Amino acid sequence: MSVNQQAHTGPPYGQPQPGYPAYPQPGYGGQQIPGIPPSQYGAYNGPVTGYQQTGPPQGYFPSLGFPSKGSPVSLDSEASFAPNFIGSLRAPTTSGVPASTSGAAVPPGQSAYSQFGQGDVRNGIPASMVPLQRPSASQQFMPGTAPTSISQPATFQQYGPPPTSTQQLTNNMAGMQISSVSTSVPPPAGLGYGPLTSVPPASGSFTSTGSGQYVSYSSQGPPRPNLPHGLPPTSLSQGLPIAQPAVSGPPTSALRLPSQASGFAPPPTSAGVGTSNYPPAAGVSRLPTIQGASLPGQTVAGLLASQPNHVTSPPPQPSLAGPPPGPPITGLQGPPPPTHPPQPGYQLQQNGSFGQNRGTQPNYGAAYSGPANYASQPGPPPPPKRLDPDSIPSPQFNELPPQQKPRHRIDPDAIPSPIQVIEDDKNNRGSEPFVTGVRGQVPPLVTTNFLVKDQGNASPRYIRCTSYNIPSTSDMAKQSQVPLAAVIKPLATLPTEETPPYLVDHGEIGPIRCNRCKAYMCPFMQFIEGGRRFQCCFCSCVTEVPSHYFQHLDHTGRRVDYYDRPELSLGSYEFLATVDYCKNNKFPNPPAFIFMIDVSYNAIKSGLVKLICEELKTLLDYLPREGNMEESTIRVGFVTYNKVLHFYNVKSSLAQPQMMVVSDVADMFVPLLDGFLVNVSESRTVFNSLLDQIPEMFADTRETETVFAPVIQAGIEALKAAECAGKLFIFHTSLPIAEAPGKLKNRDDKKLINTEKEKTLFQPQTGFYSNLAKECVAQGCCVDLFLFPNQYLDVATLGVVPYQTGGSIYKYTYFQVETDQERFLNDLRRDVQKEVGFDAVMRVRTSTGIRATDFFGAFYMSNTTDVELAGLDCDKTITVEFKHDDKLSEDSGALLQCAVLYTSCAGQRRLRIHNLSLNCCTQLADLYRNCETDTLINYLAKFAYRGVLNNPVKTVRDTLINQCAQILACYRKNCASPSSAGQLILPECMKLLPVYLNCVLKSDVLQPGSDVTTDDRSYIRQIVTSMDVADTNVFFYPRLLPLTKVDLNSDSLPTAIRNSEERLSKGDIYLLENGLNMFLWVGVNVQQGLIQNLFGVSSFSQISNSMCALPVLDNPFSNRIRSIIDMFQSQRSRYMKLMIVKQEDKLDMLFKHFLMEDKSMNGGASYVDFLCHMHKEIRQLLS
């Protein structure tokens, strides 16, 4: 193995993985990517040693090309940030031995690369003390030897133009700020740069026309904001220097600098372009002084801001196996004032870079005080060498060093933390009930446990808005770009302490409504003329009060029966509907449930059919029922199918069930009327007999092909014949390829990813299923689909019917009874038992000035106003977007009324009404003060997930980023106090918008890893579209709890930690959940006692990662952890399969996929990177 090539010890998180071949990797080995302009310059090959530098400006990494897929992250080979340092500066460590340019081998016994294995650098002190390796005093340039520093492959990023202003982060009442001050100092004598020489491209960074990734930060525009290190994000008054054009002096890591402190100058940051004759700090992009011929395609007059790469800008150094840990650094670090003798005259390395970057080491006692004094200081620098294009190494994919994680110069503790915001809200708003009487008040966050008192506005459990103070004009709304949307969950389940909506019965007259707009009576209606008439709050029309409803007014103009009538005093209530609200003007029959079971070879062989039949025997006793009813009125029927359909007569008078086969699937009919849908209690013995017989009847089947559409058609026909609405529970295993209507072909094609045609993967293969869904909706037939695929199933097509009928879809890939039965049975139980309405129609009315224009969710619309749902359950949400059609007044505000007409599970026709009043504003600042980021993200995710049906994924991603940049730029321009462009200023209630938006962009739908199947993406796309705000919140930013911090004597949970690998400690156990997945992560150094108490084994190595539930052990720790897991399961609408993940085990990579603040395997940016990218986008909009 050559000295210049690292052993590949297992790829670190966030780097391109050799095993992920499906995506084009940007420029590995120097090959050019189509659509990316070639770089004029060669790859950076690491600086020479001896020149003391404190590291690049904090947070600026030219070489982290924004999240270009698999950017080699060759910056620093430690965990992204040293964890658990708050207070001390996080300076780069250095690891690895610099390659001797002569190609000499590493002496025996000396480590050739960082000896910390993957995952070693997590928390606390490194496991072993390694002496600091010093590089040789000079590294001679030898043409043709292609020197590469051992832990640092030639990097392939583009380095951007220099930047200009310094930045700091403040988080005060105005919001999070990264602000800036600039100073300038005369340039000290330093190194001049010689002529640049053209070199063939090492690789390009992504341009905006690339393949669905972002542009590398450094390739255009200013670098990242500089955030302070280790201080709370609140009180930095003076700027942190990052970068100044044409100003020299070594970069400093000091947090506060006196304005003329010993001639220090801030290093460069923003759009201005200047040259310096002082060598740049590693990682600071400086423009070269051009002496001699200009480069191809470049004018001498000035450098363009978008110039891709400069030979002279080394990235931060990869680390040397660090020095022994010492006490935390307390003082400010920085190089000595620039009064040095002339800089050491080391030879330029291949691309003209200088200096081994020797920043301060984390946990090291004192700052490194300058270049090593190797006998004598060398003389003035020699003239730069010409570059030899052939000698520039291009590392191959498998040569990329393992274990290298970016060490950002931005302290992750200094940027807005989701956990901090969640905890603050819990502390500030969790103790008091939320009283809904006041117009336009923002509710507590969905993560806060709070009680609601309904006093005239609907509970936030039913409706949440993106903003509770909406712009009064459409121009103002366009300017802010904040979408005005409400996420409505009409049948939401309330906690037991809250009263469900009252049912109001007005007899045969029915609900009182406005004559013109048909809005229902609500607390905002104004009674006039002594109570004889009322003025509509939505359209201002005056309507007579019916005589039976008349009541006098008190001295305030309020009816004296105000508190006796829910529709006058509460935000949410129900009306009993009259026969006029029913189909064909007759009251509906109670609904029916039909269980339709695939009995093909796969379903029988896996044990699925037997499992379903056993479960249904008991589950049929738990069908949903009205409040005080003894038993459910829902009738039940059974169908089994493979290539043909089998119907069962389960009439109570029969001794044994009878089976009837329909083989003509092209023209589906139901062969029996009487005895197919029956009451459970009457036919209990026949049911049990049937459920015992089904697995035996088909035990020897060899039929592998299935049909699908005819099964749904059979369900529709059965409900039609019974003249009722209902739900089909379909258990299906494979792509329906048998000859029948709705037959599908396998069209899965990974090659379409990142192409124009990628959108076809999300679209149904055929229009057949959309028409079928329409028939279902007309009959009130809702479809819930349970899928058990072992291969491609085309969820995008099969899911159309559940989606458009308001149903649910569940997927259990590679279903195995041992590991998946608990999840499947829990999902099935909940799905059968949950509150559901049938044959529902929802309409949202608004007061004059705004109207509902767009709807997102699982439903069907035959016109522009009515949302039709064959079924509507307690988990489903409909997201509604509003637009202005007139001016709003600040006095009257804006009103929404959501009315849902549905049939209850007892067959009662009802109207559920939710009302909400919002404020209006003429000042943008009022809008930004009253926004709800969680709801905004819910809307943006649904908007994007619908967008992928008709647009390339890259376009959708760019649209999201652009809209959020416009939202934040508008705030910056119109609401923030004037400050330098180098500051990133975020509104207080939107400070988590960048981190949450990045989570949406990194989701499998918008940025899939190569292991994510097309079906997975369609499945996620579909279920997210009907999630509520609490579900999307935890889905995009999972909850991560340290279980070793659990207080065994209290019910309170430990504070969650941020989603980043650097927050994990080897000695801890963590629980991560996102509503669909749950992981128990066990560090390698967890105490033996804890392992014994939780898993019942004596050591880490004995823990089995195949277990899907914790053993029931009788000790306080085990009891408490299992109760926390049960509590999490009960809070989510789907049962989460528990996976045990041992650190450094094969599942560890999957677990890390959910650590959303880190760079992702499939090219997603880390939070820090994305924040910088957003800052750049905002600055471009402002300039």
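The values are calculated or read from the model by the stated rules, or taken from the named source; none is laboratory data. What you are looking at is a predicted structure, and each value in this text was computed from that prediction instead of being measured. So basically every Cβ, Gly included, is an ideal-geometry build from the backbone, and we count neighbours across all protein chains shown. These area figures cover heavy atoms from the full protein model, side chains too; ligands, DNA and RNA do not enter into them. Shrake-Rupley method; radii C 1.70, N 1.55, O 1.52, S 1.80 Å.
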Any aspartates and glutamates with Cα under 13 Å of the LYS586 Cα? List them, leaving off those in the same chain fewer than 8 positions away.
GLU723
Three-way shape call for region 417-483 based on the alpha-carbon gyration tensor, with the a/c threshold at 1.5
oblate
Quick query: amide H of LYS811 versus all other amide H atoms, modeled in the peptide plane; which residues come in under 5 Å with a sequence gap of 5 or more or a different chain?
LEU787
Once both label points are put 7 Å beyond Cα along the C-beta direction, the LEU1150-LEU503 separation in nm becomes 4.5
Given R₀ = 25 Å, FRET efficiency for TYR814-LYS757 by Cβ-Cβ distance, to 0.05?
0.35
Using a/c under 1.5 as the rounded threshold, could you call region 816-961 rounded, prolate or oblate? The axes a ≥ b ≥ c are square roots of the C-alpha gyration tensor eigenvalues, and prolate needs a/b larger than b/c, oblate otherwise.
oblate
Modelled label-to-label distance, GLU544 and ASN1085, 7 Å Cα→beta-carbon offset: nm?
8.3
Ordered by number, the chymotrypsin sites (Phe, Trp or Tyr not before Pro) in region 994-1055 that occupy a DSSP loop and have at most 12 other Cβ atoms within 10 Å are none
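Nearest 0.05, what FRET efficiency do GLN791 and LEU673 give at R0 = 30 Å with Cβ-Cβ as r?
Details: r = 38 Å, r/R0 = 1.27.
Efficiency computed from Cβ-Cβ geometry: 0.20.
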Once both labels are modelled 7 Å past Cα along the beta-carbon direction, what's the GLU423-LYS586 spacing in nm?
6.4
LYS1142 long-range amide H proximity, modeled H, under 5 Å:
VAL1082, LEU1147
Solvent-accessible area per residue for region 415-481 (1.4 angstrom probe, square angstrom)
40
If you look at just the Cα atoms of region 1041-1183, how large are its Rg and its Dmax in Å?
17.5, 64
Residue by residue through region 541-546, which ³J(HN,Hα) values in whole Hz follow from phi under the Karplus form 6.51 cos²θ - 1.76 cosθ + 1.60 (θ = phi - 60°), with glycine and proline marked x?
6, 9, 10, 5, 8, x
Enumerate the calculated ³J(HN,Hα) couplings along region 664-672 in order (Karplus 6.51 cos²θ - 1.76 cosθ + 1.60, θ = phi - 60°), each rounded to whole Hz, writing x wherever the residue is Gly or Pro.
7, 6, 6, 9, 6, 9, 9, x, 8
Loop only per DSSP, at most 15 neighbouring Cβ atoms within 10 Å: give me the GluC sites (Glu not before Pro) in region 734-772, ordered by residue number.
GLU739
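Report the net charge of residues surrounding THR922, where surrounding means a beta-carbon distance below 12 angstrom and charges are Lys +1, Arg +1, Asp -1, Glu -1.
Net charge around THR922: -3.
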How about region 699-728: which GluC sites (Glu not before Pro) there are in a DSSP loop, with at most 12 other Cβ atoms within 10 Å of their Cβ?
GLU723
Past 26 Å, Cα to Cα: identify those pairs from LYS651/LYS743; LYS583/LYS876; LYS453/LYS1002; LYS478/LYS518; LYS942/LYS991, in the order given.
LYS651/LYS743; LYS453/LYS1002; LYS478/LYS518
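Which FRET efficiency, nearest 0.05, do ASP748 and ASP564 yield, Cβ-Cβ r, R0 56 Å?
In this case the efficiency is close to 0.40.
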Against the 2.2 N^0.38 Å scaling, with N counting residues, where does region 664-734 land? I'd like the Cα-based Rg ratio to two decimal places.
1.27
Cα Rg, Dmax (largest Cα-Cα span) when computed across region 450-490, Å
12.9, 37
